[in-house]
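Working notes for the structure below.
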DNA sequence: GAAGAAAGTTAGCCTAGGCTAACTTTTCGT
DNA sequence: ACGAAAAGTTAGCCTAGGCTAACTTTCTTC
Ligand SMILES: [Mn+2]
Ligand SMILES: [Mn+2]
Ligand SMILES: [Mn+2]
Ligand SMILES: [Mn+2]
């Protein structure tokens with residue numbers, strides 16, 4: 001039987017944990033409590049606590065003192081939040097924002113974009129990437145030159 | 001002396017309260033506990049509690065059982081979050097999203113966009129508004145026709 | 001194969017921001 | 001003007017998700 005039936009949407013905190021866990025697994029091959037704590041700038045005790053909750057919720061399998069693996073549900077969620085993070089980062093990069101600003105804003109916004117909005121922004125960024133002239137105009141806050149009639 | 005010295009950035013909850021309070025004042029002329037509660041779908045008791053906190057933080061002046069007014073600081077914050085809300089709504093409307101989706105996403109995202117990002121999105125939307133053809137392409141997820149060489 | 005270091009866990013605490021139930025104050029209708 | 005309804009407040013509770021301090025387990029180094 002599934003560990004938690006009426007699965008509410010994951011909280012921002014849960015999404016941040018899963019995102020970092022997946023990233024650690026993808027880069028180091030495994031995710032240790034101490035590393036998750038480092039990535040999230042959170043105490044190890046808090047991580048242990050949350051990892052136990054995530055286990056209870058069926059998002060990962062955790063063996064005390066040994067390690068953890070994402071379940072299918074957990075990995076799916078992790079990939080999803082990672083995708084939102086990447087998309088928003090891409091989008092704000094197109095707008096020419098500074099890396100720290102981007103990171104700060106993305107880290108908050110990523111938890112609030114619905115699938116429809118994700119799709120719309122994907123479409124937008126893919127279009128904008130093909131229009132460097134328009135982008136330059138946007139970035140400088142100046143109306144884009146339709147062609148190059150005015151300099 | 002100022003009511004709260006090391007003023008941390010306002011929480012999402014605080015911003016939502018101030019936003020609704022300002023809106024009520026602008027439309028009805030005053031903001032009553034019962035209406036704030038209605039707008040935010042929150043109990044009256046919770047509103048009373050928060051209003052007392054906002055008073056302690058110097059964001060509004062509150063007289064028990066009578067009413068409340070925003071302070072300069074509170075109104076400034078309220079106008080600011082309202083502006084972010086409006087901007088994001090505008091932006092997502094341009095992308096052709098459904099009103100409920102827009103409202104849901106904006107209500108969450110608005111608390112996480114820094115001034116730089118606000119400015120960049122303002123520039124973006126103002127540019128997009130002048131390019132209906134590009135917008136149609138974005139909305140349908142289809143590459144925009146550069147001019148009308150291909151139909 | 002210890003001993004010390006590093007990692008992990010537990011216990012107990014805290015804050016924000018919700019809730020309900022019970023009480024008080026204000027307003028409204030007759 | 002007074003009694004009921006509406007609005008507002010208080011008290012007590014709850015959950016999520018942080019924290020530190022103290023303890024335990026695992027790893028590393030000799
Ligand atoms: Mn995040
Ligand atoms: Mn993220
Ligand atoms: Mn909001
Ligand atoms: Mn809002």
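Report, by residue number, each residue of the stretch A:97-130 that is closer than 16 Å to residue B:115 by Cβ, touching a helix residue (DSSP H, G or I) at 6+ places or on another chain (Cβ under 6 Å) and within 7 Å of chain B (Cβ to nearest Cβ).
The answer is A:97, A:101, A:105, A:108, A:109.
Based on this model, can you work out whether residue A:36 counts as within 12 Å of DNA strand C (Cβ to nearest atom) and part of a helix (DSSP H, G or I)? Quick ask: steps written out before the conclusion?
Numbers: within 12 Å of DNA strand C (Cβ to nearest atom): yes; part of a helix (DSSP H, G or I): yes.
For residue A:36, the condition - within 12 Å of DNA strand C (Cβ to nearest atom) and part of a helix (DSSP H, G or I) - is met.
Any idea which of A:15, A:63, A:23, A:75 is away from every other protein chain (no Cβ under 14 Å), surrounded by 15 or more Cβ atoms within 10 Å (Cβ to Cβ) and either more than 18 Å from the chain's Cα centre (by Cα) or within 16 Å of ligand 1 (Cβ to nearest atom) (or both)?
Details: A:15 fails: away from every other protein chain (no Cβ under 14 Å); A:63 fails: surrounded by 15 or more Cβ atoms within 10 Å (Cβ to Cβ); A:75 fails: either more than 18 Å from the chain's Cα centre (by Cα) or within 16 Å of ligand 1 (Cβ to nearest atom) (or both).
None of the other options fit; the residue is A:23.
Does residue A:136 qualify as being within 18 Å of residue B:118 (Cα to Cα), at pLDDT below 95, over 15 Å from the mean Cα position of the chain (by Cα) and exposed (fewer than 14 other Cβ atoms within 10 Å of the Cβ)? First the steps, then the outcome.
Values: within 18 Å of residue B:118 (Cα to Cα): yes; at pLDDT below 95: yes; over 15 Å from the mean Cα position of the chain (by Cα): yes; exposed (fewer than 14 other Cβ atoms within 10 Å of the Cβ): yes.
Answer is yes for this residue.
Could you list all residues from the stretch A:48-62 that are without any contact (Cβ under 8 Å) to a residue 24 or more places away in the chain and more than 21 Å from residue A:38 (Cβ to Cβ)?
If the condition is that a residue be without any contact (Cβ under 8 Å) to a residue 24 or more places away in the chain and more than 21 Å from residue A:38 (Cβ to Cβ), then A:61 is the only one that fits.
One residue is enough: does the stretch A:111-123 have a residue meeting the conditions at pLDDT 95 or above and within 16 Å of DNA strand D (Cβ to nearest atom)? Give the derivation first.
In the first step, residues of the stretch A:111-123 are kept if they are at pLDDT 95 or above; the result is A:111-123.
Adding the requirement that they be within 16 Å of DNA strand D (Cβ to nearest atom) leaves A:111-112.
Looking through the stretch A:111-123, at least one residue is at pLDDT 95 or above and within 16 Å of DNA strand D (Cβ to nearest atom).
Pick from A:94, A:124, A:60, A:77: which is away from ligand 2 (no atom under 16 Å from the Cβ) and closer than 30 Å to residue B:9 by Cα? So that I can check it myself, show each step before the final result.
Working: A:124 fails: closer than 30 Å to residue B:9 by Cα; A:60 fails: closer than 30 Å to residue B:9 by Cα; A:77 fails: away from ligand 2 (no atom under 16 Å from the Cβ).
Unique residue meeting the criteria: A:94.
When you look at residue B:31, is it touching a residue at least 24 places away in the same chain (Cβ under 8 Å) and under 30 Å from residue B:125 (Cβ atoms), yes or no?
Yes: the conditions hold for residue B:31.
So, restricting to helices (runs of 4 or more DSSP H) that lie completely within the stretch B:42-141, which ones have at least 3 residues that are within 16 Å of ligand 3 (Cβ to nearest atom) and over 30 Å from residue A:134 (Cβ atoms)? Step through it out loud before you land on a result.
On the way: elements: B:44-56, B:72-94, B:99-109, B:115-128, B:132-139.
Per the criteria, B:44-56, B:72-94.
The values are calculated or read from the model by the stated rules, or taken from the named source; none is laboratory data. The shown structure was predicted, so the numbers you read here are calculated from the model rather than taken from an experiment. FYI the Cβ positions are ideal-geometry reconstructions off the backbone, even for glycines, and counts take in every protein chain you see.
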